[in-house]
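Shown next, in structure tokens, is the structure this report addresses.
The values are calculated or read from the model by the stated rules, or taken from the named source; none is laboratory data. Keep in mind that what you see is a predicted model, and the values were worked out from it rather than measured. We place every Cβ from the backbone using ideal geometry, glycine too, and count neighbours over all the protein chains shown. Each accessible area value is taken on the protein alone, full model and side chains, heavy atoms only, with ligands, DNA and RNA left out. Shrake-Rupley method; radii C 1.70, N 1.55, O 1.52, S 1.80 Å.
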Amino acid sequence: MRRPVSVAPPKGKLGVLTPGMGAVSTTFMAGVELVRRGHAVPVGSLTQLGTIRLGKRTDGRTPQIKDFVQLAKLDDIVFGGWDVFSDDAYQAAAKAGVLEAKDLAKAEKFLKGIKPMKAVFDQSYVKNLHGTHVKKGKTKFDLAEQLREDIRAFKKKNKLDRLVMVWCGSTEVFLKAEDVHKSLASFEKGMKANHPAIAPSMLYAYAAISEGVPFANGAPNLTVDIPALEEYAKAKNVAIGGKDFKTGQTLLKTVLAPAFKARMLGLNGWFSTNILGNRDGEVLDDPGSFKTKEESKLGALEYILQPALYPDLYSKIYHKVRINYYPPRGDNKEGWDNIDIFGWLGYPMQIKVDFLCRDSILAAPIVLDLALFFDLAQRAGMRGIQEWLSFYFKSPMCAKELYPEHDLFIQLMKLKNTLRWMMGEDLITHLGSEYYD
Ligand SMILES: NC(=O)c1ccc[n+]([C@@H]2O[C@H](COP(=O)([O-])OP(=O)(O)OC[C@H]3O[C@@H](n4cnc5c(N)ncnc54)[C@H](O)[C@@H]3O)[C@@H](O)[C@H]2O)c1
């Protein structure tokens, strides 16, 4: 990728569109509004709180990321979205039960003004969801055209300068890339013939790219991770990326596994289980949707530990991931990990992690960061897969010939170095020999 010659400034308003206005999306919208009004600090958001070191450690140059690369301001964000239910963002947030009534009350009027557009939805792709606020169309191509029309109308009505789309919809059933996904021509033909391997999320991605809108996928669905849409994004100069927000259990997995590998400690097994009771949990109770999530969650260890390079340490790992729908917990997921490691002379040890987390509280700042960074990438003319944003994803997309980078700290270094590179600053290699010359 060539370095951007210039990065267009973030003038005017930025529309953030989320297909899916459920727990994650409404927690994101409510949170941004509370921050804008000075009621909250954007905890968990690198774009809002993070800094970046420039030059030598002795230079004392550590600006805030949002100033260094000129990100869009929170005040300039306008929210919109689609859902299969007609609830406005206030009703949806109240039902999701993530935020307390006292917090929602502060943004009630604002959230009530955000009403979902009718969704493109088909229950064969999300078995445990029964929605009625759904578009009608003869073919998938017609439906994609309707989404394009929605995007244009939203932009016009809100007098927006730019848009980004972040998929916050439910996890669809497991799909594998096949012939129809291989090229833009076969994909467009497939849409017109209602090919079953073209899921609704792909139509949103297609519509976004068609309208020059960057697209990030927060769920593990295949969606934009197919050659046809990659080709299309390149042709239309649009930034794309995914998949699956890296929030709780996988975040910790991609911190702990690199630590074991760094110290050459072995691993025999890693058992991860979750209980959660929100709508996401209900959707994932269907084996088809669970399979999509399972694949996404399983990948990280294999790539981080590289068993082919370290057969003595990692060739016999038993890795198991379970997700159990348990309504009493709502959005407050509990993720347990039992990790069987071994050390010097093969002596076994165990680590137990019990993360009592809040799923959407962890995901909301990721939606914000992705929206702002994808907008930045687009303004910088960076097209196609944005691998530098792997930091945010459980199952990061990357070029065909590469393996994905999962280690959180490599991902962070890559992200920050990309920002330095974009702005013509020296990359930081952490060599530091100059301090001792
Ligand atoms: N919360 C987390 O920590 C986390 C982490 C990683 C990924 N995710 C993923 O993010 C997504 C959203 O999670 P959530 O907790 O907000 O779930 P949710 O069930 O509360 O919200 C998803 C919303 O998407 C809607 N929807 C489904 N299909 C749609 C379609 N085709 N068009 C428009 N709307 C559609 C549903 O009606 C629902 O309101 C899920 O796929 C989840 O797996 C969440």
Notebook entry, point to check: For the charge dipole of the chain, defined by +1 on Lys and Arg C-beta atoms and -1 on Asp and Glu C-beta atoms about the Cα centroid, which residue among Leu104, Leu14, Ala371 has the Cα displaced farthest towards the positive pole?
Noted result: Leu14
Notebook entry, point to check: For the chain, modelled as a Gaussian network with Cα springs under 10 Å, which listed residue fluctuates most, Ser186, Ser210, Ser272?
Noted result: Ser186
Next item on the list: Tell me the label-point distance for the pair Gln123, Ala40, using the 7 Å Cα-to-Cβ offset, in nm and rounded to one decimal.
Entry: 3.4
Next item on the list: Considering Cα pairs under 8 angstrom that are at least six residues apart, work out the relative contact order of segment 319-369 and quote it in whole percent.
Entry: 33
Next item on the list: Give, rounded to the nearest 20 debye, the magnitude of the charge dipole that segment 74-170 has about its Cα centre when Lys and Arg contribute +1 at Cβ and Asp and Glu contribute -1 at Cβ.
Entry: 340
Notebook entry, point to check: Let a ≥ b ≥ c be the square roots of the eigenvalues of the Cα gyration tensor of segment 299-437; is it rounded (a/c under 1.5), or, if not, prolate (a/b larger than b/c) or oblate?
Noted result: oblate
Notebook entry, point to check: If you roll a 1.4 Å probe over segment 1-144 with all protein chains in place, what percent of the accessible area is carbon or sulfur?
Noted result: 53
Check: Which value, in debye to the nearest 20, gives the size of the charge dipole of the chain about its Cα centre, when Lys and Arg are +1 and Asp and Glu are -1 at the Cβ?
Finding: 980
Next item on the list: Over the alpha-carbon set of the chain, work out the extent along each principal axis and list the three values in angstrom, largest first.
Entry: 64, 51, 50
Notebook entry, point to check: Using a simple spin-label model with points 7 Å from Cα along the Cα→Cβ vector, what separation in nm is obtained for Asn194 and Thr273?
Noted result: 4.3
Check: Remind me, relative contact order of the chain in percent, using alpha carbon pairs under 8 angstrom and six or more residues apart?
Finding: 20
Item checked: Shape category assigned to segment 1-149 from the gyration tensor of Cα positions, a/c cut at 1.5 -> oblate
Checklist line | Helix-only CD estimate at 222 nm, as mean residue ellipticity for the chain, using -39500 (n - 2.57) per DSSP H run (n ≥ 4) | finding: -11500 deg cm²/dmol
Notebook entry, point to check: Among Pro365, Pro116, Pro287, which one moves the most in a GNM of the chain with springs linking Cα atoms closer than 10 Å?
Noted result: Pro287
Checklist line | For the chain: accessible area per residue (Å², 1.4 Å) | finding: 45
Item checked: Max mean-square fluctuation residue, GNM over the chain, Cα-Cα springs under 10 Å, options Val16, Val238, Val43 -> Val43
Next item on the list: Run the accessible area of segment 341-437 with a 1.4 Å probe and give the carbon-and-sulfur part as a rounded percent.
Entry: 59
Notebook entry, point to check: Relative to the Cα centre, what is the charge dipole magnitude of segment 1-74, using +1 at the beta carbon of each Lys and Arg, -1 at the beta carbon of each Asp and Glu, and rounding to the nearest 20 debye?
Noted result: 340
Next item on the list: Among DSSP beta bridges lying fully in the chain, give the percent that are antiparallel, nearest 5.
Entry: 45
Next item on the list: May I ask which of Lys115/Lys400; Lys118/Lys156; Lys261/Lys352; Lys182/Lys414; Lys118/Lys243; Lys293/Lys414 have a Cα-Cα span longer than 27 Å here?
Entry: Lys115/Lys400; Lys182/Lys414
